[in-house]
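Have a look at the structure below before the remarks.
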Amino acid sequence: MAEGKKVKLALYWAATCGGCDVATLDIEERILDLAAIADIVLWPVAMDFKYEDVETLEDGSVDICLFNGAVRLGEHEELAKLLRQKCKVMVAFGSCACFGGIPGLANVANREQIFNIAYKETVSTENPEGVTPQTELEVDGKKLTLPVFFDEVFALDRVVDVDYYVPGCPPAVERINDLVDIVAKYAETGELPPKGAVIASEKALCEECPRKREEKRIKEIRRPQDFLPDTEKCLLEQGLICLGPATRGGCGARCINANMPCRGCYGPTAAVRDHGASVLSAIASVLGLEEETELTEEQLTAITDQIKDPLGTFYRFTLPVALLNKVVQKKEVE
Amino acid sequence: MSFEPKIIGFACNWCTYAGADLAGTSRLKYPPNIRLIRVMCTGRIDPEFILAAFARGADGVFVGGCHPGDCHYMSGNYKAKRRIELLRKMLAQLGISPERLRMEFISAAEGAKFAQVIREFTEKLKELGPSPLKAEE
Ligand code: SF4
Ligand code: SF4
Ligand code: SF4
Ligand code: FES
């Protein structure tokens, strides 16, 4: 683009809760800065564009796409590819686009299992013919289509090339402001950060957490609803599963400041490939170590058994990008 | 042809690796299905290594470490034990039999135990059949 010209921006939502779009509006008056430097060509949550409006644009004519949400449906993949073609810079915006996010937890089941529960088995469902969504149907000689529902959920970079990542569920306002600064700098000078940059901290969340740590071990895992945690002390050391030691910083420890443990929405730290594995490692290291030699096998199992759902807890936001990223088709165990 | 499972083994330098060595020098027979990787302590085994082994087609993963109280780095074996407990639960959640991941404490003097454990584990994996992850490709 020619420097000093307005930036062309596309915002899209795929498998999303809408929170990422709301977060974008949360930057308040800076949204006006954005409006001053950018022309928006697509933003389904806020403006009335049609997909055809995007299709007719010239390839590479849009500067930046902020893509939020995971890829669950054929429609999401199609739009990701279309936007990749039209946009110079593709940004995975929010944990769902970066790692699959909460919708990615659906990878503990496949399409058939999901359809069975959603369309057949829930008590409130009445579906005697067992109808499930089809991608094509003929009605009066006309063909109706629905996007395909994939067997698994994908992160954005599994279907298109991604230039930047803005993690967070949703991204913290400060980091969205950083992104606006990047866009502004680009508009002014044409300069961009190195490809693959993650708009967050390079360090673990614990590094930016204000809580006091005493290197204590925990024997009992507690849940936030069961007690009121001390507001000064490390939450993990109070027995809450806090993913801070293995999660990328950058959010400003916002959950911790609300006296809630980190659930890991910023994903793994810079050096780590598999978030769940590194969380598992960190949590296992602090579980009931002090009187270890006196612990029997049964006691050990009793301690680890307190974590009821390790997969959902350790991969809450990153299952689709994990080394083992979905349930196997032919289960050996239920 | 009968199915020959591929096993990736992580063995602590101070105990199980030496135990495996002893099994070898004592000419104890055990199946050739295991590829042993030496680590300085089971505490060094990042859960990611184990997941990567499964992701790349291992039918089983074995971890061998020092007996309780004997770890050269105090608590590496306890940490490993808990990590493996949790990993086994996670494997089950993904539909993979937790029996494909096994940890044992085997000292440098226990060559016979090493051979026995590998025999048992290989038999178990033959019973289970190829890793369900292989069928996915
Ligand atoms: S990252 Fe969080 S806020 Fe954003 S769409 Fe996904 S679930 Fe919603
Ligand atoms: S574990 Fe959680 S509460 Fe403790 S220091 Fe780290 S981020 Fe803070
Ligand atoms: S504290 Fe953890 S879960 Fe909360 S916003 Fe930060 S990274 Fe996300
Ligand atoms: S030194 Fe052998 S398990 Fe730690």
Take the conditions surrounded by fewer than 19 Cβ atoms within 10 Å (Cβ to Cβ), touching a Leu at 6+ places or on another chain (Cβ under 7 Å) and closer than 25 Å to residue A:77 by Cα and apply them to residue A:162. Does it pass?
no
From the list A:261, A:320, A:229, pick out the single residue that is crowded, with 16+ Cβ neighbours inside 10 Å, more than 21 Å from residue A:168 (Cα to Cα) and more than 10 Å from chain B (Cβ to nearest Cβ).
A:229
Within the stretch A:197-213, track down each residue that is buried (at least 21 other Cβ atoms within 10 Å of the Cβ) and assigned to a helix (DSSP H, G or I).
A:205, A:206
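Per-residue answers, yes or no, for (1) assigned by TED's automatic domain parsing to the domain that holds residue A:98; (2) under 17 Å from the mean Cα position of the chain (by Cα); (3) within 16 Å of ligand 1 (Cβ to nearest atom); (4) touching a residue at least 40 places away in the same chain (Cβ under 8 Å):
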| site | (1), (2), (3), (4) |
| --- | --- |
| A:249 | no, yes, no, yes |
| A:255 | no, yes, yes, no |
| A:265 | no, yes, yes, yes |
| A:269 | no, yes, no, yes |
| A:282 | no, no, no, no |
| A:312 | no, yes, yes, yes |
Considering each of B:32, B:5 in turn, give the residue that is closer than 23 Å to residue A:325 by Cα, more than 12 Å from chain A (Cβ to nearest Cβ), part of a loop (DSSP other than H, G, I, E, B) and not aromatic (Phe, Trp, Tyr).
B:5
Which one is farthest from residue A:165 (Cα to Cα) among residues in the stretch A:51-97 that are within 16 Å of ligand 1 (Cβ to nearest atom) and of a type in the set (S, T, N, Q)?
A:68
Just to check your reading of the model, which residue among A:256, A:303, A:283 is aliphatic (A, V, I, L, M), away from chain B (no Cβ under 14 Å) and not in a loop (DSSP other than H, G, I, E, B)?
A:256
Against the definition (buried (at least 17 other Cβ atoms within 10 Å of the Cβ), within 21 Å of residue B:18 (Cβ to Cβ) and of a type outside the set (Ser, Thr, Tyr)), how does residue B:96 come out, yes or no?
no
Among (1) part of a loop (DSSP other than H, G, I, E, B); (2) surrounded by fewer than 21 Cβ atoms within 10 Å (Cβ to Cβ); (3) within 14 Å of another protein chain (Cβ to nearest Cβ); (4) not charged (D, E, K, R), residue A:270 falls short only on (3)
Given the conditions (1) under 15 Å from residue A:179 (Cα atoms); (2) surrounded by fewer than 20 Cβ atoms within 10 Å (Cβ to Cβ), and given that residue A:73 satisfies all but one, which numbered condition is not satisfied?
(1)
Kindly provide the set of residues from the stretch A:163-204 that are away from ligand 1 (no atom under 15 Å from the Cβ) and of a type in the set (A, V, I, L, M), ordered by number.
A:180, A:182, A:183, A:184, A:187, A:192, A:197, A:204
Find the residue count for the stretch B:78-137, including only residues that are within 7 Å of chain A (Cβ to nearest Cβ), more than 22 Å from residue B:11 (Cβ to Cβ) and among the acidic types (Asp, Glu).
1
When the stretch A:107-136 is checked residue by residue, the ones that are assigned to a helix (DSSP H, G or I) and β-branched (Val, Ile, Thr) are A:108, A:114, A:117
Pull out all pairs, ordered by first then second residue, where Cβ-Cβ is under 9 Å, the residues are six or more apart or on different chains, the first lies in the stretch A:134-153 and is closer than 17 Å to residue A:103 by Cα, and the second is among the aromatic types (Phe, Trp, Tyr).
A:149/A:115
Given the options A:284, A:277, A:246, name the one that is within 23 Å of residue B:94 (Cβ to Cβ), crowded, with 23+ Cβ neighbours inside 10 Å and within 11 Å of ligand 3 (Cβ to nearest atom).
A:246
Would you please name the residue that is nearest to residue B:79 (Cα to Cα), looking only at residues in the stretch B:37-65 that are in contact with an Asp or Glu (Cβ under 7 Å, 6 or more places away or on another chain) and within 11 Å of chain A (Cβ to nearest Cβ)?
B:48
Which residue is nearest to ligand 1 (Cβ to nearest atom), if the candidates are limited to the stretch B:54-88 and must be among the small types (Gly, Ala, Ser) and surrounded by fewer than 23 Cβ atoms within 10 Å (Cβ to Cβ)?
B:55
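The values are calculated or read from the model by the stated rules, or taken from the named source; none is laboratory data. Since the structure is predicted, the reported quantities are computational estimates derived from the model, not experimental observations. Ideal geometry is used to build each Cβ from the backbone, glycine not excepted, and the neighbour counts take in all protein chains shown.
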